[in-house]
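To start, the structure itself, in structure tokens.
Derivation of every value follows stated rules applied to the coordinates shown; laboratory data play no part. Predicted model, so just to flag it, every value in this text is computed and none were measured. Cβ atoms come from the backbone with ideal geometry, glycine included; neighbour counts cover every protein chain shown.
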Amino acid sequence: MSDQHRPQAPDPQDFLAVDSTLSAEEADIRDTVRAFADRELRPHVAEWFEAGTLPDPRGLARAFGGLGVLGMHLQGYGCAGAGAVSYGLACRELEAVDSGLRSFVSVQGSLAMFAIHRFGSEEQKAAWLPRMAAGEAIGCFGLTEPDSGSDPGSMRTRARRDGSDWVLDGTKMWITNGSVADVAVVWAATDEGVRGFLVPTDTPGFTANTIHRKLSLRASITSELVLEGVRLPGDALLPGSSGLGSPLSCLNEARFGIVWGAAGAARACYSAALDYAATREQFGGPIAGFQLTQRKLADMVLDVNQAGLTALQIGRLKEAGACHRNHISLGKFGNVAAAQRVARAARSLHGANGITLEYPVMRHMVNLETVATYEGTEEIHALSIGQAVTGIPAFR
Ligand code: TGC
Ligand code: FAD
């Protein structure tokens, strides 16, 4: 066989050439987000994680807005209207830096903006979406409550009509960006079922308290929202929202970003481990030369590439309008578990260095505990897949 016809050896950073089928535009978006991440995020993220906050969330929002990733998969209202795979690639590159940064973009674009885009009135869309796409306004999404996590249908937050107004009472918990948001998308039980409301965060009766002492997703702001007699005009209701299916349909969008993001976190951990194994010497040679290290690396390559292929396939299904929510459940379930395996193996391969913030592996490892919990826990997605294949719901 001539050299011309010999297949190229796999690239250790993209073993199955997962990215080889990307269009030129998709590859361009990947490269642009990767370069932004290398320049603006990666040099600072360990510091932010250690501080347990994002020191300049408004500056970060504007930077993400300038990059064009906030609501980038939405059409109109200042949004880029990018394809699903392009949006996924952006999530992958951001989460390769830190899950908290992908979360920032997911909550803004896939949860808060998507809810307004899908269920909002023309006036609500025009008032909020262009500013949110530019990062001039920050949104959050309040579904979870202290006693209502996996089972959001049991929510106690209540919205009652009072003349033409609505009055909201309740508590939302674990809300990303809650204490820095300009607008909260709050889901509340009404006499007509669950509905969504746009709550400007300067409305009297609304308070947001930052949650401290987190051991995971530290480069992210997480808050409790307290609503005490929050009086809103009638046009604060998202008119298109109706029933629990409305917030759950927003979750499909954010979960899609996690399918890709987890592949990014896995890739980052594998890549760090490969570098470390090549340079760290013990017993007279690089630890990459030991069979047990190579087995760990082989397992990582497999997980990273399978996660990448899963994300790409789900992205292509989404672009074709053929992506069912159970496809996304499978991707979230599988890719987060794969990323957790890779992160743990990469952590062990780094020895003592692996427990520090000098290397990204343990930061990713603990972040992935959150990623496995939010947007539907591992168990909830297992049950969704179980229901999809057996036809029998086993949630209750
Ligand atoms: P169930 O009776 O099954 O469903 C109620 C209605 O909703 C519909 N539905 C969905 N619609 C769209 N997408 C989905 N994924 C949907 N899942 C269900 C369903 O068809 C039904 O519609 P209808 O018209 O018949 O009334 O509801 P259930 O009470 O039995 O609960 C089902 C379950 C457990 C799957 C669901 O509640 C669930 O997904 N629980 C997990 C909750 C969750 O994921 N919370 C996430 C909060 S947000 C967040 O974590 C942000 S993290 C920040 C970041 O993303 O970075
Ligand atoms: P629970 O629902 O109490 O679950 C506890 C355990 O029980 C889990 O292992 C679960 O899988 C298991 N379990 C529950 N039901 C079943 C069952 N039927 N069968 C088997 N096992 C079951 N929410 C928002 O609304 N907006 C946000 O922006 C947001 N951001 C977040 C950011 C962070 C950092 C974190 C940690 C969470 C965030 N969340 C947010 C909340 C998140 O969605 C919930 O934590 C998640 O849905 C799980 O709910 P829970 O924590 O109450 O756990």
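Would you mind checking Lys296/Lys318; Lys172/Lys214; Lys214/Lys332 for any pair whose Cα atoms are more than 25 angstrom apart? Walk me through the numbers on the way to the answer.
Values: Lys296/Lys318 33 Å; Lys172/Lys214 17 Å; Lys214/Lys332 23 Å.
Among Lys296/Lys318; Lys172/Lys214; Lys214/Lys332, the Cα-Cα distance tops 25 Å for Lys296/Lys318.
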- Message: Once you keep just the Cα pairs under 8 angstrom separated by 6 or more residues, what percentage relative contact order results for region 18-133?
- Response: 29 percent
- Note on the structure: If one compares the long axis through the Cα atoms of helix 122-134 with the longest principal axis of the Cα atoms of the chain, the angle in degrees, nearest 10, works out at 30 degrees
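Percent of Cα-Cα pairs more than 25 Å apart in the chain, please. Let's see the in-between values first.
Working: 43723 of 78210 pairs.
Within the chain, distances greater than 25 Å cover 56 percent of Cα pairs.
Can you give the extra length, in nm with one decimal, that the chain gains between Glu228 and Asp28 once fully stretched, where that is 0.36 nm per residue apart less the Cα-Cα distance?
Working: separation 200, 0.36 × 200 = 72.00 nm, distance 4.71 nm.
My answer for the length gained is 67.3 nm.
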- FRET efficiency, Thr390 to Ser249 (Cβ-Cβ, R0 25 Å, nearest 0.05): 0.60
- Task: Would you mind ranking Met362, Met113 by Cβ crowding within 10 Å, fewest neighbours first?
- Result: Met362, Met113
- For helix 378-390, what angle does its Cα long axis make with the longest principal axis of the chain, in degrees from 0 to 90 and rounded to 10? 90 degrees
- Item | Three-way shape call for region 118-260 based on the alpha-carbon gyration tensor, with the a/c threshold at 1.5 | rounded
- Which of Ser121, Ser164, Ser246 fluctuates most in a GNM of the chain (C-alpha springs under 10 Å)? That residue is Ser164
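Give me Lys214, Lys296 sorted ascending by neighbouring Cβ count inside 10 Å, so fewest comes first.
Values: Lys214 17, Lys296 21.
Going from least to most buried by this count: Lys214, Lys296.
Quick one: net charge of Pro146's neighbours, Cβ under 10 Å, K/R +1, D/E -1? If you can, show how the numbers build up before the last one.
On the way: positive: Arg156, Lys172; negative: Glu145, Asp147, Glu224.
Computed value for this residue: -1.
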- For the chain, find the longest principal axis of its Cα atoms and tell me its angle to the long axis of helix 291-319, 0 to 90°, nearest 10. 40 degrees
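How large is the charge dipole for region 179-225, taken about the Cα centre, if only the Cβ atoms of Lys, Arg (+1) and Asp, Glu (-1) carry charge, to the nearest 20 debye?
Using only the charged Cβ atoms, the result is roughly 380 debye.
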- Item | Extent along principal axes [Cα atoms of region 245-390; Å; largest to smallest] | 59, 27, 25
- Message: Suppose every Lys and Arg Cβ carries +1 and every Asp and Glu Cβ carries -1, with no other charges. What dipole size does the chain come out with about its Cα centre, to the nearest 20 debye?
- Response: 600 debye
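Report the gain in length on full extension from Gln75 to Ala9: 0.36 nm times residue separation, minus Cα-Cα distance, nm rounded to one decimal.
19.7 nm
Against the globular-protein guess of 2.2 N^0.38 Å, express the Cα radius of gyration of region 1-65 as a ratio, rounded to two decimals. Working shown, then result.
Working: Rg = 18.2 Å, N = 65, 2.2 N^0.38 = 10.7 Å.
Expressed relative to 2.2 N^0.38 Å, the Cα Rg reads 1.70.
Neighbour counts of other C-beta atoms within 10 Å: give me His327, His381, His5 arranged from fewest to most.
On the way: His327 20, His381 23, His5 6.
So the residues, fewest neighbours to most, are His5, His327, His381.
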- Item | Cα centre as origin, Lys/Arg/Asp/Glu Cβ charges: region 1-146 dipole, Debye | 340 debye
- Most fluctuating residue of Gly321, Gly135, Gly149 in a GNM of the chain with Cα springs under 10 Å: which is it? Gly321
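Can you give the Rg to Rh ratio of region 18-133, both from alpha-carbon atoms, with Rh computed by the Kirkwood formula?
On the way: Rg = 14.4 Å, Rh = 14.6 Å.
With Rg and the Kirkwood Rh in hand, the quotient comes to 0.98.
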- Message: Less than 14 Å Cβ to Cβ from Cys250, Lys/Arg counted +1 and Asp/Glu -1: what total charge do the surrounding residues give?
- Response: +2
- Residues Thr356 and Arg213, FRET efficiency given R0 of 22 Å [Cβ-Cβ distance, rounded to 0.05]: 0.65
- Message: Suppose each label sits 7 Å from its Cα in the direction of the beta carbon; what would the Ala298-Gln282 distance come out to in nanometres?
- Response: 2.0 nm
- Charge dipole (region 139-236, unit charges on Cβ, about Cα centre) - positive-most of Phe197, Val183, Ser148: Ser148
- Message: With a 10 Å cut-off between alpha carbons and a GNM built on the chain, which of Gly315, Gly245, Gly257 moves the most?
- Response: Gly245
